[in-house]
Amino acid sequence: MRRNRKRQVYAKVLPRSVAGLIVLMVTLVLVYWVMDSKCAQLGQEIRKCEQKIQMLDAEYAREESRWSEKNTPEKLEEAMLQHGIAMSYPVADQVVRMDASGLPIEGQLSLARFKRSQSATERVVKTLPK
């Protein structure tokens, strides 16, 4: 019986060093392509974040100007009146200055007025409830 034998042809298309060099070059091109796309993606993210920062800075400036506009004495007084709060700056006999230990400093007009009002209320006879 006759066997079916295939002929084997030994032919070198490329030497191994050249094939290895080509594979290395293709690998380097793919790595460069991946790194380039990643850098482009990160660049877009950075641009978005910078735009967001600029938007927030502009919003901060607007809110700060609105706040400083509302902090004028006239606007504060108007806002308090709208809320039913009638306040004014204290006069000299309403201010009590304290020392470092937390006690009132002697010789103040406000203390003299307070002591006078205390002594006036003590003169009134108190009645006990039945």
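Descriptive notes on the structure:
- Contact map, segment 10-26: first residue surrounded by 10 or more Cβ atoms within 10 Å (Cβ to Cβ), second residue at pLDDT 90 or above, Cβ cut-off under 8 Å, separation 6 or more or different chains; pairs are Leu14/Ile22.
- Each residue in segment 75-111 was checked for being surrounded by 12 or more Cβ atoms within 10 Å (Cβ to Cβ) and of a type in the set (Gly, Ala, Ser), and 1 pass.
The values are calculated or read from the model by the stated rules, or taken from the named source; none is laboratory data. On a predicted model such as this, the values are computed, not experimentally measured, just so you know. Every residue, glycine among them, receives a Cβ derived from its backbone with ideal geometry; neighbour counts consider all protein chains shown.
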